[in-house]
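*Asks:* Take a look at the following structure, please.
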Amino acid sequence: MTDLRLALRLMAREWPTGEIRILLAVVALAVASLTAVSFFADRVRISLSQEANVMLAADLVLSADRPLDPAFATEARRRGLAVAYTTTFLSMVQGRDQARLAGIKAASAGYPLRGRLRIADAPYAADRPAAGLPGPGQAWVDARLAGELGLLPGKPVQVGERTLIVSAILSHEGERGGNFMALAPRLLMNEADLATTGLIQEGSRITWRLLLAGDPAALAGFRAWTEPRLGRGQKLEGLRDARPELRDTLDKAERYLGLAALLAVVLAAAAAQTILRRYVTRHFDQFALLRCFGGSRKRLFRLYLLQFAGLGLLAGLLGSGLGLLVQQILAALLGDALRLTLAPPSWRPFAIGTLAGLILVLAFSLPAMLRLAEVPALRVLRRDLGPPSSGHLAAHGIGLAVVAGLLFWQAGDARLGLIVVGGLVAAGLAAVLLIRVLLAPLTALAGRLPPAPRLGLLALHRRGWETTLQVMALSLGLLAMLLLTLVRDDLLAAWQDKIPADAPNRFAINIQPDQVAPIRQWLTAHGVADAQLYPMVRGRLTAINGRPLDPKAYTEERARHLAEREFNLSALADLPPDNAITAGQWWRPGAAGEFSVEDGIAKTLGIRPGDRLTFDAGGLPLMGRVSSLRKVDWDSFRVNFFVVAPPGALDGLQASHITAFRLPAGRATVLAELVAAWPNVTLIDVDAVMAEIRTLMDRVSQAVQVVFLFSLAVGLLVLASALYARRDERAREIGVWRTLGASRRTVRTALAVEFAVLGLLSGAVAAGAASTLAWLLAERVFELPHAIDPAIWLAGLAGGLALVMAVGLMATRGLLDASPLQALRASE
């Protein structure tokens, strides 16, 4: 307890100096950014675990893209399991005057097997648990669909060829699908009415589900019986698989936010290293005096260890508390997008954040404490200390290893961690090389300048590696600001600019062959004269060069998914204008038995020109040779296909048609006429979908910006700490210059030149790093064309010059006002 009280007294004495406060702030902010992401992800994981069966509406689900064999349900009932069916798909529903795309679910009696549906008598009114399902001839709609179509209980709604009566507002539905099904408003109907709608037709994208609930042993037995009998396009989902699309989205969002938080950790490590180096230098004399007063190395080491442990613990507690508050902002931004009721946060992220703060401070204080432990009592008489021991260098390695460990932990997997750590190491080496090259001509330049600027340039060149480390620390802070202010806006603007102004904003699918001519006439009559209707057949790739296709043989998840799914096949005479041949050649008129494959999917599945492909198209084989590979511009928003064949190749197969067209703003109401005339046709409003996606992207980008704000704050503190760390040496230099007769104006000019060059060097390094990161994000993540933005370099150089000069002159203002003797004493 005596050592603890003494350690607290020593820490209290250090508080007014400012170093401890800066170190506490940077570590606390870094911990806050980490724990905010961790708290939010932890809440989602807890919610998924607690509500997994509610999200499935069952304990086990068998899903397929074709109607399921009744033998599965028979076997489930034989084992004593409760059974229910659902059929889900997208289609148009029509109110009195307008139509909307909706996610439709037809459910059988007993649905949901787990959880409860909740209904209300009006949108957003008080709700209640539902007793059963909508009766035959009835439908429940969610508040969004009710608002868009003006539907209330008692009003009719047209679903395909069937008119249903809205009997309630669906306020809560645990089970929701992913993709467009998650974005679209919802309608729930009775399975008995499904056949009368006329919507189940060839070419429709429909998911059939068999829901099961019951004893765990019976479920395990059914799973063991079913798995060997699963066909292509069929899969089992258990409680651990609930909401796979949400888990995937969460993993990506967590990594994205986590990588943003990593910047704060790297900045905090740089600031801690800078601050603690100065702290050690200032305490050499204090340590030597304590040794003279009888303090042993072991006890003094323990005193400093207690100080830094207390500081790290306090930083971890403050950062974790701040992260707990900030995660509420993330939950408000992303909770609705995930469509999930978030559970209260657990204490696990708080404990991890506290431990992270403690470890971060101790890891970078260890080299400092080892260096202090080497200070002899003779330091009070002799100023030399000698070179650091090998243990000192090993301690630096421990600090770097701790930061690397945090990077790996936050990245989430070894491969991504290696990329992040390797990228930082490569960037650091490149920055050191660049800084040394830029510093080289300073001596020659100084010889041609007046005395004042010459002093500033020579001081930079004389310190060499110290200047290099200082520029690297300053450039990290500037990099955080550039990423936050410029690069993010440029990338989002480039993404929005990718969508052509004349891109189609409506897709019409499920058009039957006998409807092609009248729908083409209707479109022409309403000012859409250039709309092309393409035949489309659903087909599953079954063999390549006669070898059966086994999805399990592929190691990549995307390849397995593509091998499992059905493709939309079409027949084209001419190469579309937004397609380009990358291998082989387009077919000649009259060609038959050929395919053209999109080059991305060809690379994923290992398909090359000359290969023979076999598809199962509605139970009929469709075979042909790959004559070409195509690069497709999917951002054109026109109709495109992974696989196409020559005209006539799909004759004899059950086909539907698809088209895309642009409808001017203000004319959307005419689409109700099209849906009324052909109820089976599904219209997809691209503008509405893009509005949903933009809203989601805006929320995600706002969440990332919240995390980046910590990096911005830490970056500013890094700037201050990097300049403040040289305060003692500058005080000594200023004292010497003033003693040798330099005026205050000369010294001020020399310092201004030194800080200006430091700012320009730091700004150049930061701008180069920001440009490289912008290119990597654009090319590898967002897949956007990237051009060098002069604004990044202008902002980097100007921002570095202004910020470093302002902070530097402010940090040395007191030294200029002091007498030469006071300046020399301040540096001791």
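The values are calculated or read from the model by the stated rules, or taken from the named source; none is laboratory data. From a predicted model like this one, the values you see are computed outputs, not experimental measurements. Cβ: placed from backbone, ideal geometry, glycine included. Neighbour counts: every protein chain shown. Heads up: the accessible areas ignore ligands, DNA and RNA and are worked out on the full protein's heavy atoms, side chains in. Shrake-Rupley method; radii C 1.70, N 1.55, O 1.52, S 1.80 Å.
*Asks:* Between residue 802 and residue 612, what FRET efficiency comes out of the Förster formula 1/(1 + (r/R0)^6) with R0 = 60 Å and r the beta carbon distance, rounded to 0.05?
*Replies:* Working: r = 66 Å, r/R0 = 1.10.
Plugging the Cβ-Cβ distance into 1/(1 + (r/R0)^6) gives 0.35.
*Asks:* Now for a different question. Between residue 144 and residue 21, what's the calculated FRET efficiency when r is the beta-carbon distance and R0 is 41 Å? Round to 0.05. Mind dumping the intermediate values first?
*Replies:* On the way: r = 50 Å, r/R0 = 1.22.
Here the calculated transfer efficiency is 0.25.
*Asks:* For region 100-231, what are the per-bin percents of Cα-Cα distances with bins 5 Å wide, up to the bin holding the maximum?
*Replies:* That works out to 2, 9, 18, 21, 20, 13, 8, 5, 3, 1, in percent per bin.
*Asks:* How large is ³J(HN,Hα) for each residue in region 629-635, as worked out from phi by the Karplus curve 6.51 cos²θ - 1.76 cosθ + 1.60 (θ = phi - 60°), to whole Hz, x for Gly and Pro?
*Replies:* Values, residue by residue: 10, 10, 9, 10, 8, 5, 6 Hz.
*Asks:* For residue 165 and residue 235, what does the FRET efficiency come to when R0 = 45 Å and r is the distance between their Cβ atoms, rounded to the nearest 0.05?
*Replies:* Numbers: r = 36 Å, r/R0 = 0.79.
Taking R0 as 45 Å, the efficiency between residue 165 and residue 235 is 0.80.
*Asks:* Let me ask something else. I'd like to compare 748-758, 105-115: which one has the highest average count of other Cβ atoms within 10 Å, and what's the full order after that?
*Replies:* Working: 748-758: 21.7, 105-115: 20.0.
In decreasing order of mean packing, 748-758, 105-115 become 748-758, 105-115.
*Asks:* Explain nothing, just compute: Karplus ³J(HN,Hα) = 6.51 cos²θ - 1.76 cosθ + 1.60, θ = phi - 60°, for every residue of region 32-39 in order, whole Hz, x for Gly and Pro.
*Replies:* 4, 5, 5, 6, 4, 5, 5, 4
*Asks:* Run the 1.4 Å probe and let me know the accessible area of residue 805, rounded to the nearest 10 Å².
*Replies:* Accessible surface of residue 805 is approximately 50 Å².
*Asks:* Highest first, please rank the peptides 20-30, 153-163 by the mean number of other Cβ atoms sitting within 10 Å of their residues. Write out the running numbers ahead of the final one.
*Replies:* Values: 20-30: 24.3, 153-163: 17.5.
Taking the mean over residues of other Cβ atoms within 10 Å, the ranking is 20-30, 153-163.
*Asks:* In square angstrom, rounded to the nearest 10, how much accessible surface does residue 631 have for a 1.4 Å probe?
*Replies:* Rounded to the nearest 10, that gives 120 Å².
*Asks:* Compute the distance in nm between two label points, each set 7 Å from the Cα along the Cα-to-Cβ direction, one at residue 2 and one at residue 524.
*Replies:* Once both label points are built, they end up 10.3 nm from each other.
*Asks:* Rg to Rh for region 579-676: what is it, with Cα atoms only and Rh by Kirkwood? Present the calculation step by step, with values, prior to reporting the outcome.
*Replies:* Values: Rg = 16.7 Å, Rh = 15.6 Å.
Answer for region 579-676: 1.07.
*Asks:* Further question: Along the Cα→Cβ direction, 7 angstrom out, place labels at residue 348 and residue 542. What is the inter-label distance in nm?
*Replies:* Between residue 348 and residue 542, the simple spin-label model gives 4.6 nm.
*Asks:* So how much accessible area does residue 15 have, in Å² to the nearest 10, using a 1.4 Å probe?
*Replies:* About 110 Å², ignoring ligands and nucleic acids.
*Asks:* Points 7 angstrom from Cα along the Cβ direction at residue 813 and residue 436: gap in nanometres?
*Replies:* 3.8
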